[in-house]
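Undergrad: One structure follows; several queries about it will come next.
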Amino acid sequence: MQVEDVGKGPGVQKMFDDIAPSYDLMNRVMTMGQDQGWRRFVVKKAGDPGSGLVLDLATGTGDIAALMEKQYPKGHHVGADFSLNMLSEAKKRFSDQAIDWQASDANNLPYKDNSFESVTFGYLLRNVDDSFVVLREIHRVLKPGGRVVCLDTTPPEKNFIYPFIRFYFRFGIPLLGRFIASDEAAYSYLTGSTMGFHKAEELAAIFREAGFLDVDYKKFMMGTIGIHWGQK
């Protein structure tokens, strides 16, 4: 996803390029190994595309795309991202799988209307300037009846465990970023973007505003991860 020339795009693109080599290890450590389970849930919600086209947008190092290809090998699988370093890691990790890796702009997708049976994406919307614009673009490239599934962070509820979650986000994850990725600033940004992101119901409303039907979501990891889905 080669993002816009203003706003978050260039800085976020450089950040993901820089952390690409350690991205997978950081995901496993900071989620305590739960991240792969969330991706399997995404694949289940996306459903079987048959022999049609499927898109994993903001594919990163390719985990969701690879799980989709293994689960539904008859489909034609596209993994797209704006970080060329992330795509390079994905190609190395899953060189034996039939996935077409492409550089792509989430705000202006280089695909025709009504192209894909499903579009999945992880940790995309908190890193763009306007979630609605991106969701409208995703709606455009989906076929009628096609499914969208979004994995992203969501601000935790302010309950009795909130102070502990906030402490982990503010200090724990950046500290892990310093030691594992040698980039404390990147993970300070990522945790900050979680706390400032849409609440789960707010994001569901944006999905509906963008034209999706049957929108719903489920939370994971003490309410800090949300998976949303819907249909065109």
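Undergrad: How about the range 220-229: which of its residues are in a strand (DSSP E or B) and either more than 15 Å from the chain's Cα centre (by Cα) or under 13 Å from THR31 (Cα atoms) (or both)?
TA: PHE220, ILE225
Undergrad: Here is a follow-up. Could you tell me how many of the residues in the range 123-135 are over 10 Å from ILE206 (Cα atoms), out of contact with any Ser or Thr (no Cβ under 9 Å at 6 or more places or on another chain) and not aliphatic (A, V, I, L, M)?
TA: The total comes to 2.
Undergrad: A further question on this structure: So, in the range 102-121, exactly how many residues are surrounded by fewer than 21 Cβ atoms within 10 Å (Cβ to Cβ) and in a strand (DSSP E or B)?
TA: Counting residues in the range 102-121 that are surrounded by fewer than 21 Cβ atoms within 10 Å (Cβ to Cβ) and in a strand (DSSP E or B) gives 2.
Undergrad: Mind checking which residues of the range 92-116 are out of contact with any helix residue (DSSP H, G or I) (no Cβ under 9 Å at 6 or more places or on another chain) and closer than 24 Å to GLY47 by Cα?
TA: Selection gives SER95, ASP96, ASP100, SER104, PRO110.
Undergrad: Another one. Hey, among the residues in the range 126-157 that are surrounded by fewer than 19 Cβ atoms within 10 Å (Cβ to Cβ) and touching a residue at least 40 places away in the same chain (Cβ under 8 Å), which one's nearest to GLY47 (Cα to Cα)?
TA: Among those that are surrounded by fewer than 19 Cβ atoms within 10 Å (Cβ to Cβ) and touching a residue at least 40 places away in the same chain (Cβ under 8 Å), it is GLY145.
Undergrad: Suppose we filter the range 27-67 for residues that are touching a strand residue (DSSP E or B) at 6+ places or on another chain (Cβ under 6 Å) and aliphatic (A, V, I, L, M); how many remain?
TA: 9
No lab work stands behind these numbers, since they all come straight from the coordinates. None of these values were measured; they are calculated from a predicted model. Counting neighbours? That spans all protein chains shown, and the Cβs are built from the backbone with ideal geometry, glycine included.
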